[in-house]
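Undergrad: There's a structure below that I have some questions on.
A short reminder: the numbers here are calculations on the coordinates, not readings from a lab. Note that this is a predicted model, so its numbers are computed, not measured. Don't worry about glycine lacking a Cβ; one is built from the backbone with ideal geometry, like all the others, and counts go over all protein chains shown.
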Amino acid sequence: MIGQNFVESSVFSLSKTPEGIVDSFLAHMNSFHSETMLRFYEEDAIFINDNGEPRRGRLEIARELDCFFKFGLPIKITTRNVYVDGNLASLILDWSIAGIANNGEKICMRGTSNDYAKRGADGYWRYWFENPFGVQVRSLF
């Protein structure tokens, strides 16, 4: 699904508008390719893993993404909200990955993410903070 605010190139696709961020994310994530997906992130981006631990930078984020890519199943996203103020956007997204994985295992992962994107000097929007399990209740003790 490519919207009118979505820019494609032979290398990667990024959005020039906040409204196109989710389409861009889907295209990158469903490539199942870490290098392609990492172009969607700021260099010093932060990814919060399922244990609530922050991972900083593209190398650490690649390791986390591989946990999703190993299934070979596309992600589906429903946008709840996108709030924009200047060069910053806050995204609340419901997502799911479900089906039969490459290894034959049944997979059903769901979450509501709390993510932030930033418009770079080049005018393209990239993630700088991703928390895919953002509204998941975690123990404080």
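Undergrad: Mind listing the phi-derived Karplus ³J(HN,Hα) values for the stretch 79-96, rounded to whole Hz, using 6.51, -1.76 and 1.60 with θ = phi - 60°, and x for any glycine or proline?
TA: Per residue, the Karplus-derived 3J(HN,Hα) values read 7, 8, 8, 10, 10, 10, 9, x, 8, 10, 9, 9, 10, 10, 10, 8, 9, 8 Hz.
Undergrad: Continuing with the same structure: Please arrange D66, D122 by how many other C-beta atoms lie within 10 Å of their C-beta, fewest to most. Don't skip to the answer; put the middle values down first.
TA: Details: D66 12, D122 8.
With the fewest neighbours first, D66, D122 line up as D122, D66.
Undergrad: For mean projected area of the Cα convex hull in nm², pick the label among [x] 10.9; [y] 9.0; [z] 8.3 that corresponds to the value derived from the coordinates.
TA: [y]
Undergrad: Placing +1 at every Lys and Arg Cβ and -1 at every Asp and Glu Cβ, with all other atoms neutral, what dipole size does the stretch 6-130 have around its Cα centre, in debye to the nearest 20?
TA: Numbers: 14 positive and 18 negative charges, 38 e Å.
Computed about the Cα centre, the dipole is about 180 debye.
Undergrad: How would you rank M29, M109, going from fewest to most other Cβ atoms within 10 Å of each one's own Cβ? Let's see the in-between values first.
TA: Details: M29 20, M109 16.
Ranked by crowding around the Cβ, least crowded first: M109, M29.
Undergrad: Please give the contour-minus-distance gain from L88 to C67: 0.36 nm per residue of separation, less the Cα-Cα distance, rounded to one decimal in nm. Please report the intermediate quantities before stating the final value.
TA: Details: separation 21, 0.36 × 21 = 7.56 nm, distance 2.76 nm.
So the extension gain works out to 4.8 nm.
Undergrad: Using the charge dipole of the stretch 6-130 (Lys, Arg: +1 at Cβ; Asp, Glu: -1 at Cβ; taken about the Cα centre), state which of N103, H28, I46 has its Cα farthest towards the positive end.
TA: Farthest towards the positive pole: N103.
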